[in-house]
1. Identify the trypsin sites (Lys or Arg not before Pro) of region 26-113 meeting these criteria: DSSP loop state and at most 10 other C-beta atoms within 10 Å of the C-beta.
2. Tell me which DSSP H helices of the chain clear both cut-offs, 20 Å or more of axial length from alpha-carbon atoms and a mean Kyte-Doolittle hydropathy of at least -1.0.
3. Can you list the GluC sites (Glu not before Pro) in region 43-118 that are in a DSSP coil and have 16 or fewer other beta carbons within 10 angstrom?
4. Would you mind checking which residues have amide H under 5 Å from I78's amide H? H placed 1.01 Å from N; only 5 or more apart, or other chain.
5. Can you give me the orientation-averaged projected area of the convex hull built on the Cα atoms of region 31-93, in nm²?
6. How big is the dipole moment of the chain about its Cα centre under a simple scheme where the beta carbon of each Lys and Arg is +1, that of each Asp and Glu is -1, and everything else is neutral? Debye, nearest 20, please.
7. How much of the accessible area of region 29-110, in percent, comes from carbon and sulfur atoms when a 1.4 Å probe is used?
8. Given +1 on the Cβ of Lys and Arg, -1 on the Cβ of Asp and Glu, and no further charges, what dipole in debye does region 63-118 carry about its Cα centre, rounded to the nearest 20?
Amino acid sequence: MAGHRIFGVSFASIYPLYVTKVERKGHSVEELHQVLTWLTGYDDEGLQETVADGRTLEEFFAQAPSLNPHAGLITGVICGVRVEEIEDPLMQRIRWMDKLVDEVARGKKMQSILRGAA
């Protein structure tokens, strides 16, 4: 059975959109990397590798060094859907990532974004 079409989108195609979003709102790439690292376990070098090799979002999460055990604490609405109610695990991870990036762009405190782990 084929997955959702977003699963085949490359991380390299959305990463610059994330960078633009946080920078446009006065935040840094370092803050973006901090939340991506918290969620996935990729370090800065690993994130750059994922951009360079063009891996899909499905591969990005499948190859993530360590999904944060507290990621389930990410709640709220993204694209009109509550992230905690998304049934597909991969779609939920993608929406968690979107939610974290939104929170950085909105200027939420890092400790709160990282669910108290900062």
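1. K109
2. Values: long enough: 89-106 (25 Å, -0.43).
Span-like helices, by this rule, are 89-106.
3. Numbers: sites: E45, E49, E58, E59, E84, E85, E87, E103; in loops: E87.
Taking region 43-118 and a limit of 16 other Cβ atoms within 10 Å, the loop GluC sites (Glu not before Pro) found are E87.
4. Result for I78 returns V83.
5. Details: hull surface 18.2 nm².
Taking a quarter of the hull surface, the average projection is 4.6 nm².
6. Details: 13 positive and 17 negative charges, 109 e Å.
Charge dipole of the chain: 520 debye, to the nearest 20.
7. Numbers: 1980 of 4110 Å².
Answer for region 29-110 is 48 percent, counting heavy atoms of protein chains only.
8. Working: 8 positive and 7 negative charges, 59 e Å.
Taking the Cα centre of region 63-118 as origin, the dipole is about 280 debye.
The values are calculated or read from the model by the stated rules, or taken from the named source; none is laboratory data. Remember, it's a predicted structure, so these values are computed and weren't measured experimentally. Virtual Cβ from ideal backbone geometry, glycine too; neighbours counted across all protein chains shown. Heavy atoms of the whole protein, side chains included, go into the accessibility calculation; ligands, DNA and RNA do not. Shrake-Rupley method; radii C 1.70, N 1.55, O 1.52, S 1.80 Å.
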